[in-house]
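Written out below as structure tokens is the structure these notes cover.
The values are calculated or read from the model by the stated rules, or taken from the named source; none is laboratory data. These numbers were taken from a predicted model, which means no experiment stands behind them. Don't worry about glycine lacking a Cβ; one is built from the backbone with ideal geometry, like all the others, and counts go over all protein chains shown.
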Amino acid sequence: MLATNLTALTGADIPGVADADDLVAGLDTALAHGLGRVDDERAAALAAFAGAFAGSPLGDPLTEAVGKVVAGSVGDEHLAALAGGRAALLGAAHDALRGHLDAALGRTRQAWQPPAGASAAPGGLDNLLAGTRSWLRELVITGWRGVDHDIVSTAGQVISALLAVPAARRLAVLLDGLAAELRVASPVSTMPHVPLRRWGDLWSRATLLAHDAGWAATPDPVATVSGRLLVLGVDVHEHSTAVQAQVHGVLEVAGTEPRLVRASVGATKTDTIVGPAVWRLFGDAPVLKAALADRRVLELTDVPLLASGDLLWRDGQARAGEPADPFATARVLLAGAVAPAVPPLDRHPVALAEPVLLEGYRAEATEAGGLAFDLGGARVAVAVDRLPSCGPLTADLVAASSACLGLLRWDAGAWSLQPLAVQAIVKKKPVGAHNGDWAEGVTDAKAAKAYAAAGDSFSVLRERAGRLLRT
């Protein structure tokens with residue numbers, strides 16, 4: 001990525017993004033105080049939120065919803081309208097940011113094609129979805145500040161039942177994560193700072209998924225593909241109750257242009273499984289883990305591909321091929337790879353994660369104690385706080401690097417770079433480090449010793465689970 005590209009990306013003010021952010025912040029503040037007791041200030045914020053949609057298809061439903069909230073008679077359909085409006089505003093901000101980013105990178109992107117037929121929630125889930133909506137309604141009527149252990153515990157039965165239904169797993173994991181965060185924070189009234197945007201995001205996404213509209217916006221596979229997946233890097237999303245490894249790469253299929261894709265594997269976990277032990281949770285993906293650890297091409301056969309650019313990973317339909325350096329892949333293919341379309345529910349600034357290669361920069365400390373890369377006057381913050389504990393990347397190694405493969409993200413009103421892999425000179429020797437290097441075990445002797453000394457929580461939990469099953 002050239003300095004001119006970075007200057008074009010970071011130096012411009014994008015109209016409308018800050019306004020959308022302010023409107024969403026007004027709604028989120030109302031959710032924190034509770035829709036069951038809306039004062040004049042919160043009513044004005046809700047009216048401004050609805051007013052932004054005047055003349056649009058959401059205008060009348062939002063005006064009605066705000067009126068019902070102020071009158072104290074809010075129903076599920078009104079909360080769905082608020083969640084939909086919130087998603088639409090953040091989606092518009094996402095589109096503006098994404099368009100600016102694509103223009104700066106010169107990246108071609110496929111257009112989103114709506115599914116041919118709207119799908120509804122699978123049959124037999126009506127009661128579970130109704131229970132989900134009831135809990136979500138109770139949360140925002142009470143307000144985040146009023147949430148305590150009693151309110152959180154009422155979701156347990158619904159979450160357990162949803163987790164048992166494969167088609168509802170995404171909603172179940174989302175609810176489980178939100179409930180876990182609220183449980184740790186309860187009583188929320190004692191928190192010095194409430195994560196309004198994060199909990200607002202989780203609540204609105206869950207509210208939409210608990211309605212048929214949310215299921216209809218979920219893309220179905222559009223094709224099966226066979227070809228070569230050249231890995232750029234892996235982003236590990238870790239939560240106390242779940243973990244996901246999302247691989248970013250370039251897909252080569254005969255007769256088509258190279259395209260950017262993702263392949264994800266996930267698992268539920270406990271908060272005691274951390275660090276390199278999380279890789280052991282992906283026992284159903286040995287081929288993917290081997291390719292990450294050995295930096296190899298993945299040869300795919302008839303793997304489903306979504307319009308969003310996500311491969312539905314089938315480990316048995318892949319094999320690790322020849323070695324492939326991710327930096328060489330990026331230098332040769334990244335600039336010309338076609339980017340995927342973005343599904344409606346994924347249009348959110350926080351979901352921006354665009355693979356880029358930066359070279360020829362100078363790493364320097366920021367006034368706030370962080371790290372930034374300077375490319376001849378163009379400057380981008382480096383999100384070293386996003387480095388996963390399950391890989392070899394450290395802030396010091398990133399600071400010593402001369403090349404970085406990472407994801408450009410939008411966070412707190414500015415662009416930042418999340419490193420996935422770096423090249424550096426350490427003790428006069430070239431060193432390459434990637435997030436997936438420890439997918440099959442810790443390879444650094446010092447880190448392996450520290451990991452062994454800390455104990456293997458995965459093995460302990462598996463042994464205890466086996467003992468319980470035997471009794």
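Would you confirm whether or not the stretch 10-17 contains a residue that is outside any loop (DSSP other than H, G, I, E, B) and farther than 16 Å from GLY84 by Cα? Yes - at least one qualifying residue is present in the stretch 10-17. Against the list (1) modelled with pLDDT of 95 or more; (2) not hydroxyl-bearing (Ser, Thr, Tyr); (3) not in a helix (DSSP H, G or I), the condition VAL342 fails is (1). Every listed requirement among (1) at pLDDT below 95; (2) within 20 Å of ASP201 (Cα to Cα) is met by ALA3 save one, (2).
Selection of the stretch 41-51 for residues being surrounded by 21 or more Cβ atoms within 10 Å (Cβ to Cβ) and in contact (Cβ under 8 Å) with a residue 24 or more places away in the chain yields LEU46, PHE49, ALA50. Selection of helices (runs of 4 or more DSSP H) fully inside the stretch 130-237 by the criterion of at least 2 residues being more than 24 Å from the chain's Cα centre (by Cα) returns 149-153, 156-163. In the stretch 43-55, which residues are under 30 Å from the mean Cα position of the chain (by Cα) and either among the aromatic types (Phe, Trp, Tyr) or at pLDDT below 95 (or both)? Result: PHE49, PHE53. Scanning the stretch 238-257 for residues that are farther than 17 Å from GLY436 by Cβ and in a strand (DSSP E or B) turns up ALA242, LEU251, GLU252. Within the stretch 185-207, the set of residues being of a type in the set (Val, Ile, Thr) and in contact (Cβ under 8 Å) with a residue 12 or more places away in the chain comprises VAL188, VAL194, THR207. Of all residues in the stretch 405-432, those that are exposed (fewer than 11 other Cβ atoms within 10 Å of the Cβ) and either of a type outside the set (A, V, I, L, M, F, W, C) or part of a strand (DSSP E or B) (or both) total 6. Among the residues of this structure, PRO195 counts as one that is at pLDDT 95 or above and surrounded by fewer than 17 Cβ atoms within 10 Å (Cβ to Cβ).
Each row is one residue, and each column tells you yes or no for (1) farther than 26 Å from HIS100 by Cβ; (2) crowded, with 19+ Cβ neighbours inside 10 Å.
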{"residue": "GLN317", "(1), (2)": "yes, no"}
{"residue": "ASP325", "(1), (2)": "yes, no"}
{"residue": "ALA330", "(1), (2)": "no, yes"}
{"residue": "PRO355", "(1), (2)": "no, yes"}
{"residue": "ALA363", "(1), (2)": "no, no"}
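Results for (1) in a helix (DSSP H, G or I); (2) basic (Lys, Arg); (3) over 26 Å from LEU334 (Cα atoms), shown as yes or no for each residue.
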| site | (1), (2), (3) |
| --- | --- |
| ARG42 | yes, yes, yes |
| PHE53 | no, no, yes |
| VAL69 | yes, no, yes |
| SER73 | no, no, yes |
| ARG98 | yes, yes, no |
| ALA104 | yes, no, no |
| ARG107 | no, yes, no |
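The requirement of being at pLDDT 95 or above, surrounded by fewer than 19 Cβ atoms within 10 Å (Cβ to Cβ) and assigned to a strand (DSSP E or B) is fulfilled nowhere in the stretch 267-277; no residue meets it. Condition first: assigned to a strand (DSSP E or B) and under 19 Å from LEU105 (Cα atoms). Can you find one or more residues in the stretch 385-403 that meet it? Scanning the stretch 385-403 turns up at least one residue that is assigned to a strand (DSSP E or B) and under 19 Å from LEU105 (Cα atoms). Scanning the stretch 355-384 for residues being within 30 Å of ILE273 (Cα to Cα), in a loop (DSSP other than H, G, I, E, B) and of a type in the set (A, V, I, L, M) gives a total of 1. Considering ASP22, ASP102, the condition of being surrounded by fewer than 16 Cβ atoms within 10 Å (Cβ to Cβ), touching a strand residue (DSSP E or B) at 6+ places or on another chain (Cβ under 7 Å) and outside the structural domain of ASP411 (by TED's automatic domain parsing) is satisfied by ASP102 alone. The set of residues in the stretch 283-296 that are buried (at least 21 other Cβ atoms within 10 Å of the Cβ) and either of a type outside the set (A, V, I, L, M, F, W, C) or not in a helix (DSSP H, G or I) (or both) comprises ALA285, LYS289.
Restricting LEU6, LEU58, LEU27 to those that are in contact (Cβ under 8 Å) with a residue 24 or more places away in the chain, closer than 17 Å to THR142 by Cβ and out of contact with any Ser or Thr (no Cβ under 8 Å at 6 or more places or on another chain) reduces the list to LEU27. Confirm whether VAL38 is in contact (Cβ under 8 Å) with a residue 24 or more places away in the chain, within 19 Å of ILE141 (Cα to Cα) and not in a helix (DSSP H, G or I). Spelling it out, VAL38 is indeed in contact (Cβ under 8 Å) with a residue 24 or more places away in the chain, within 19 Å of ILE141 (Cα to Cα) and not in a helix (DSSP H, G or I).
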